[in-house]
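J.: The structure's right below; bear with me while I get my questions together.
The values are calculated or read from the model by the stated rules, or taken from the named source; none is laboratory data. Only a predicted model underlies this, so the values are computations on that prediction, with no experimental measurement involved. Neighbour counts are summed over all protein chains in view; Cβ atoms, including those assigned to glycine, are modelled from backbone coordinates with ideal geometry. We work out accessible area using only protein heavy atoms, side chains counted, and drop any ligands, DNA or RNA first. Shrake-Rupley method; radii C 1.70, N 1.55, O 1.52, S 1.80 Å.
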Amino acid sequence: MSEQTGTVDADVLRSFEAHRRELCAYAYRMLGSSFEAEDAVQDAFTRAWKSYDSFEGRASLRSWLYKITTNICLDMLDGPQRRARPMDLSSPSTPDKPLPPPQPDYVWVEPIPNSLAFGADPAEHATAKDSLRLAFVAACQHLPATQRAILIMREVLRFSAIETAEALTMSTASVNSALQRARATMSKVAPAETDSYDENDEDQRKLVASFVAAFESYDMDALTTLLKSDVALSMPPFDLWISGPENVAAFMLGTGAACRNSRLVPLGGANGHPAFGHYKPSGEPGRWAPWSVTVLETRDGVITGLNFFLDTERLFPLFGLPPEWTESSAGEPV
């Protein structure tokens with residue numbers, strides 16, 4: 001390979017990489033899984049690389065990459081299984097109900113690190129954050145795959161009907177008709193309204209800090225004052241969930257009592273929400289073991305959702321979290 005060819009190849013790869021985050025965010029909205037989204041984008045780049053000679057610039061590179069990524073996502077969604085949240089699958093449980101058997105990871109909508117989907121500027125990425133909320137992504141899973149792609153392209157990415165039709169090899173009329181059906185379904189499933197977290201908002205920072213203080217001290221009286229009346233606590237891979245501040249406190253003091261004296265390590269956010277690496281006592285002094293990636297949902301100054309994602313073997317590396325937490329870990333960046 002000549003030096004000139006190598007330079008051209010490197011330029012092509014850099015042009016792909018410039019779109020990685022937005023494509024990953026798109027694939028995540030489609031698939032509900034960070035891991036599948038990363039796989040889809042990597043596969044898209046591989047296919048784009050192999051067929052780049054046939055790309056004649058009739059569309060923008062961005063549109064072309066979206067078309068390839070969409071086709072990959074639709075292939076991956078070729079089946080009846082849709083990802084969900086525990087509250088989509090059952091009624092709330094009583095706090096004293098034993099934990100059911102865990103369900104496979106493919107059942108659940110998983111969190112995505114903010115760093116995989118968008119940058120740090122909250123103003124620039126406000127729309128992206130809103131459409132990456134756990135509730136919105138879970139609601140999208142109710143849509144058939146093609147309708148899901150159309151809704152996201154048209155209403156999140158602001159593609160024109162013509163651009164969307166070209167990406168999906170459909171007529172514009174078919175795209176518009178499918179969009180109407182998708183909107184009707186989304187209005188029925190009504191994704192819960194939650195705030196995107198803005199670290200520059202002092203009130204939001206205080207709410208999150210108060211939660212951390214109450215949880216680490218295991219002060220249930222303080223914790224319940226921060227929770228909305230219909231707050232939901234969930235713990236995938238279990239399909240159990242708890243509703244209401246008093247029930248959350250009872251669960252924490254009962255089945256969840258092993259979380260007493262936990263440590264919450266702040267992350268750079270997940271799905272536009274505040275998030276933490278949650279370590280619980282290991283039984284060995286000064287050491288804490290991985291327990292969950294914990295994602296808070298908030299609305300109007302209170303906490304509406306406590307999401308404990310327990311698949312630490314997969315999620316902790318994704319979020320750059322160490323395999324244990326010690327007293328000396330406090331000064332280490334995450």
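J.: Charges only on Cβ, +1 for Lys and Arg, -1 for Asp and Glu: so what's the dipole of segment 152-235 about the Cα centre, in debye to the nearest 20?
T.: Around 680 debye, computed over segment 152-235.
J.: Answer rounded, prolate or oblate for the chain, using the Cα gyration tensor with square roots of eigenvalues a ≥ b ≥ c: rounded when a/c is under 1.5, else prolate when a/b is larger than b/c, else oblate.
T.: Taking the square roots of the gyration eigenvalues as a ≥ b ≥ c, the chain is prolate.
J.: Rolling a 1.4 Å sphere over the protein heavy atoms, what is the accessible area per residue of the chain, to the nearest Å²?
T.: 47
J.: Here is a further query. Hey, what D do you get for segment 199-301 in µm²/s if you plug the Kirkwood alpha-carbon radius into Stokes-Einstein at 20 °C and 1.002 mPa s?
T.: Taking Rh from Cα pairs, D becomes 150 µm²/s.
J.: What stretch of the chain, leaving out the sites themselves, is the longest with no GluC sites (Glu not before Pro) in a DSSP loop having at most 16 other Cβ atoms within 10 Å?
T.: 200-323
J.: Can you tell which of Leu31, Gly305, Met170 lies farthest toward the positive end of the dipole of the chain, using +1 and -1 charges on the Cβ of basic and acidic side chains (Lys, Arg; Asp, Glu)?
T.: The listed residue farthest towards the positive side: Met170.
J.: Determine the order of His273, His142, His19 by accessible area, beginning with the largest, at a probe radius of 1.4 Å.
T.: Accessible-area ranking of His273, His142, His19, largest first: His142, His19, His273.
J.: Express the carbon and sulfur contribution to the solvent-accessible surface of segment 62-166 as a percent, rounded to the nearest whole number, probe 1.4 angstrom.
T.: 53
J.: Please name which of Gly320, Phe251, Ile72 has its Cα lying farthest along the dipole of the chain towards the positive end, using unit charges on Cβ (Lys, Arg +1; Asp, Glu -1) and the Cα centre as origin.
T.: Of the listed residues, the answer is Ile72.
J.: For segment 199-308, which whole percent of the accessible surface, found with a 1.4 angstrom probe, sits on carbon and sulfur atoms?
T.: Result for segment 199-308: 48 percent of the exposed heavy-atom area is carbon or sulfur.
J.: Say each of Thr46 and Thr326 gets a label point 7 Å from the Cα, pointing the same way as Cα to Cβ; how far apart are those two points in nm?
T.: Taking the two extended label points, one gets 3.9 nm.
J.: Assign unit charges at the C-beta atoms only (+1 for Lys and Arg, -1 for Asp and Glu), then state the dipole size of the chain relative to its Cα centre in Debye, rounded to the nearest 20.
T.: Charge dipole of the chain: 880 debye, to the nearest 20.
J.: Restricting to bridges with both residues inside the chain, how much of the DSSP beta-bridge set is antiparallel, in percent to the nearest 5?
T.: Percent antiparallel among DSSP bridges in the chain is about 85.
J.: Now for a separate question. Please work out the FRET efficiency for the pair Ser54 and Asp198, using the Cβ-Cβ distance as r and a Förster radius of 51 Å; give the result to the nearest 0.05.
T.: My answer for the efficiency is 0.70.
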